[in-house]
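Have a look at the structure below before the remarks.
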There are 2 protein chains.
Amino acid sequence: MNLARTSSNFASCADCNIRNRAVCATCDSDELSRLEDIKYYRTFDAGQQIMFQGDEMHFVASVVTGAAKLSRTLPDGRIQMLGLLLPSDFIGRPGREHVAYDVEAIQDVTLCCFRRKPFEALIDVTPHIGQRLLVMSLDELEVAREWMMLLGRKTAREKISCLLSLIGRRTASLHLQHVGDGLSFEMPMSREAMGEYLGLTIETVSRQMTALRKDGVIEMTGSRTIAIPDLTVLMAETGDDTDGGVLY
Amino acid sequence: MNLARTSSNFASCADCNIRNRAVCATCDSDELSRLEDIKYYRTFDAGQQIMFQGDEMHFVASVVTGAAKLSRTLPDGRIQMLGLLLPSDFIGRPGREHVAYDVEAIQDVTLCCFRRKPFEALIDVTPHIGQRLLVMSLDELEVAREWMMLLGRKTAREKISCLLSLIGRRTASLHLQHVGDGLSFEMPMSREAMGEYLGLTIETVSRQMTALRKDGVIEMTGSRTIAIPDLTVLMAETGDDTDGGVLY
DNA sequence: CGTTGACTTGAACATGATCAAGTCAAGTGG
DNA sequence: CCACTTGACTTGATCATGTTCAAGTCAACG
């Protein structure tokens, strides 16, 4: 496993790809330059652990590129993924000394980091950061509650359908890979990670993927390359209202 | 079903029982008086619906007394409870036009309400409210994630044990009803509500309660009067680390 | 060509859901 | 006071969904 690489200010905030969605989104140019003074970049390879539950939290960060997962492990080893961190998402909680969850890169990741103490000091004098953090936290709370609904009440098939439509729609909105009514994308996580996210075993994930394929809801060329011929068909499998929910 | 009763300013903020835990906790006297100008109280009977998913959100509120539940229903009728609202908890999301979840009183409830628009305007000029709201949202997020762990990975017996120890410890901290190592309390919700919270059916809830009773983990005199002879024994059934987690 | 890791498939099993009765205490009306 | 009803809870029998354990496939890589 490689060490994380650190480098300073290799990109200007002004032309950052997450400029208008991240924690800095509503900062004015003055606030932005003060953030810029304390930022530094770090990269992590896929599979590398970014933070360990219980460790001291030295920095908070925005995801710039790649994807990471938030998870917690029970004493006997059962794992539940608690969140998916994608570009513009925020890692860490200001005001907390210790890390509450494990954070692991599931793809190569670039983070825009801020040492925690200076960042906390900056919040107090920069209202736009606190306001933005509130909106982002409330959004995260809605996502978490949507996921509670899924974990508590949905069947394995519905869970898989939800995840696929979530990832599918998200990547479609990024890359605009529409093919008629359908779309295709690369799954950014292993079957194991899918199971950790959905509260299922890897075998159940695999079986339900096969079942959805046999029923013509999805097409697979290689285990992670997914095509959805008709999104409405997939949506009908999620158990949700057909007109679509919140979920990112 | 009775109508909700409305009355204005029957208590002064200064000697309110949730003064130092609610959204107003960090307000100075000036900010507090501006909040006081727009507040009004409403009460709801147990079982009465406070807000309906999808309705326009006319007000936000703090729970002053009693208990309410946050829940969502799937199109086919499956229900999942998403949060338990106790005194000092905040209801509603500033900036949102519509209600995202059903809110229902599970005991008689008193709310300290603020019409949404004036409250939103107040946030912008009252930094302490926004800051407090951020901390409360982050706390709620941690509770929601703890519950995701429970819903996704815990067994029925562990789920019931978690809920009992949660309610038990919470009421103990309020009323200090310790009896040696143990404690006793009244369950504030029906078996049905327990099932909705834990992602279980009412029958499974009942069976696991019986099983815990037969194993001597809990004692029951009447279906809602619970005694816990030894809290460490109950904690050992939760699947969590023995040194206790976050959970409220 | 053998090894490895990710994924799939199968058979047996177990946990919790479903369907159906049954208990029990608190009303309600004769 | 006694039947009758009602609602909340419990219990039992059966079923189904998802888990567990085990083996097998497949592509990538040395």
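Among the residues of the range B:27-42, is there at least one that is assigned to a strand (DSSP E or B) and either closer than 27 Å to B:GLU142 by Cα or in the same structural domain as B:GLU192 (by TED's automatic domain parsing) (or both)? For the range B:27-42, residues assigned to a strand (DSSP E or B) and either closer than 27 Å to B:GLU142 by Cα or in the same structural domain as B:GLU192 (by TED's automatic domain parsing) (or both): absent. Would you say A:ILE202 is of a type in the set (A, V, I, L, M) and away from DNA strand D (no atom under 16 Å from the Cβ)? Against the criterion (of a type in the set (A, V, I, L, M) and away from DNA strand D (no atom under 16 Å from the Cβ)), A:ILE202 does not qualify. Looking at the range B:53-68, which of the residues that are part of a loop (DSSP other than H, G, I, E, B) and out of contact with any Asp or Glu (no Cβ under 8 Å at 6 or more places or on another chain) is nearest to the other protein chains (Cβ to nearest Cβ)? In this case the residue turns out to be B:GLY54. Out of A:ALA172, A:ALA121, A:ALA193, A:ALA144, one residue alone is more than 16 Å from DNA strand D (Cβ to nearest atom), touching a residue at least 60 places away in the same chain (Cβ under 8 Å) and among the small types (Gly, Ala, Ser). It is A:ALA144. Scanning the range B:93-133 for residues that are under 22 Å from A:GLU140 (Cα atoms), charged (D, E, K, R) and part of a loop (DSSP other than H, G, I, E, B) returns B:ARG93, B:ARG96, B:GLU97. Being over 20 Å from the mean Cα position of the chain (by Cα), within 14 Å of chain A (Cβ to nearest Cβ) and β-branched (Val, Ile, Thr) holds for only one residue in B:THR232, B:THR210, B:THR221, B:THR204, and it is B:THR204.
Take the residues in the range B:175-190 that are out of contact with any Phe, Trp or Tyr (no Cβ under 9 Å at 6 or more places or on another chain) and closer than 27 Å to B:ARG145 by Cβ; name whichever of them is farthest from DNA strand D (Cβ to nearest atom).
Applying the filter and picking the extreme gives B:LEU183.
Contact annotation: residue pairs with Cβ atoms under 9 Å, 6 or more positions apart or on different chains, pairing a residue in the range B:69-88 that is within 7 Å of chain A (Cβ to nearest Cβ) with a partner that is surrounded by 16 or more Cβ atoms within 10 Å (Cβ to Cβ) and of a type in the set (Val, Ile, Thr), are B:ARG72/B:ILE79. Each residue in the range B:177-227 was checked for being part of a loop (DSSP other than H, G, I, E, B) and away from DNA strand C (no atom under 16 Å from the Cβ), and 7 pass.
Here is a yes/no grid of residues against (1) surrounded by fewer than 20 Cβ atoms within 10 Å (Cβ to Cβ); (2) touching a Cys at 6+ places or on another chain (Cβ under 9 Å); (3) under 16 Å from B:ARG169 (Cα atoms); (4) not assigned by TED's automatic domain parsing to the domain that holds B:ILE106:
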| position | (1), (2), (3), (4) |
| --- | --- |
| B:PRO188 | yes, no, yes, yes |
| B:GLU192 | yes, no, no, yes |
| B:GLY195 | no, no, no, yes |
| B:ILE202 | yes, no, no, yes |
| B:ARG213 | yes, no, no, yes |
| B:MET220 | yes, no, no, yes |
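Answer yes or no as to whether A:LEU174 is more than 10 Å from chain B (Cβ to nearest Cβ), assigned to a helix (DSSP H, G or I) and surrounded by fewer than 16 Cβ atoms within 10 Å (Cβ to Cβ). Criteria met by A:LEU174.
Restricting B:VAL143, B:VAL135 to those that are surrounded by fewer than 20 Cβ atoms within 10 Å (Cβ to Cβ), closer than 21 Å to A:MET149 by Cα, within 14 Å of chain A (Cβ to nearest Cβ) and more than 14 Å from DNA strand C (Cβ to nearest atom) reduces the list to B:VAL143.
The values are calculated or read from the model by the stated rules, or taken from the named source; none is laboratory data. Remember, predicted model here, so these are calculated numbers, not experimental data. All Cβ positions, glycine included, derive from the backbone under ideal geometry; neighbour counts span all protein chains shown.
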